[in-house]
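A short write-up of the structure that comes next.
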Amino acid sequence: MAAANYAALSGVKTRSLSVDGFPILLQHNPGRIRSTAAKVSPDAIRKRPCFLCRDNRPPEQQALPFVGSTAYEILVNPFPIADEHFTIAAREHIHQDKINPADMEKFVTTYPGYLAFYNGSTAGASAPDHLHFQACRIDFLNGLVSFTAQNPGQLMKHDSHTDIYAMPELPMQVVHFVSDSIDSEMQLWLKSLVPPHGDDMMPAAGMRNIVMWRDAEQRLHTLLFPRAAHRPTCYFSEGEEQCLVSPGALDMAGVIILPRHEDFETLTVGALRTIYDEVSLDYRSLPILQHLMLL
Ligand SMILES: [Zn+2]
């Protein structure tokens, strides 16, 4: 199954767009329909066996150790977006929102050339009940990586460890951290910059995506995408209004995965702008920001 899906990936169509100067790549990937259309309600999750738990994986699925961490193992993602696509799954069945971003830092430090990305439980994760993040080669997000190298953003805060930038010109809300490592203040940002409200069905902690990589100078880049919605309104529309897009970290970072051909053909810059508007949280209005800026 994995071999067939990786072979099919080389034939997927892509289309480039620019939204407000930010490079966007549309990827028509029919194999991802399962993830895009995943039912992630607590009820649906309770009723299915967890596909990341060792006992429920296909017997052919092998696992590599995550060197330096006994809490995770590395799996080939059988439904790839990138030509090297790994899922780094916790050995224990613990909730997705228990992520420690320092584990992602450890991954990109241990495995140079890879970037790590994370979907909160209500921001694109198709296994919201089992902690995991994912990895692909850094050059898969070449558009984003070169863009941030040239335009880090507006400096919001600077100290001896970390530069924190806002990127208000971009169509999506994002905070860009440049540092050597994740310090305690950055941890606070990564954990706290989520919507202040959430009902029981939608824990607010799940409303975020994180993308992390080290550049050629070994500086750690961390992008935090605070989310206002799991899916845009067009996902739930009918007929021609419908666009089946369910944004996760890669979509937020500029690679939009579209399982349906009609969506791939017709998605416009205006519609993309609306999608990013709807699913992004304007974090600058959050009271927590005052607290974080004063730290
Ligand atoms: Zn599990």
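No lab work stands behind these numbers, since they all come straight from the coordinates. Remember, it's a predicted structure, so these values are computed and weren't measured experimentally. When we count neighbours, we look across all protein chains shown, and the Cβ atoms used for this are built from the backbone with ideal geometry, even at glycine.
Here are the numbers:
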quantity	calculated
Inter-site label distance for S41 and I94 at 7 Å from Cα along Cβ, in nm	3.0
Residue-averaged [θ]222 nm for the chain, counting only DSSP H segments that reach four residues, each worth -39500 (n - 2.57)	-7000 deg cm²/dmol
Note, ³J(HN,Hα) from phi for segment 63-74, Karplus 6.51, -1.76, 1.60, rounded to Hz, x at Gly and Pro	10, 9, x, 8, 4, x, 9, 8, 7, 10, 9, 9
Cα shape, segment 80-188, gyration tensor, a/c 1.5 rule	prolate
In Hz, Karplus ³J(HN,Hα) per residue of segment 116-121 (6.51, -1.76, 1.60; θ = phi - 60°; x = Gly, Pro)	10, 9, 9, 10, x, 4
Contact order normalised by residue count of segment 1-118, Cα under 8 Å, 6+ apart, percent	22
Span-rule helices in the chain, defined as complete DSSP H runs reaching 18 Å or more along the axis (Cα) with Kyte mean at least 0.0	none
Built amide H within the under 5 Å cut-off of V19, gap 5+	I24
Free-standing Cys residues across the chain, given no other cysteine C-beta under 4.7 angstrom	C136
Given the chain, longest segment not containing exposed loop GluC sites (Glu not before Pro) (DSSP; at most 13 other Cβ within 10 Å)	93-168
Within segment 75-117, backbone nitrogen closer than 16 Å to the virtual label 7 Å beyond the Cα of Q62 toward Cβ	75-78, 85-87
Quarter of Cα convex hull surface for the chain, i.e. mean projection, nm²	14.9
Candidates K98, K157, K47: whichever shows maximal mean-square fluctuation once the chain is modelled as a Gaussian network with Cα springs under 10 Å	K47
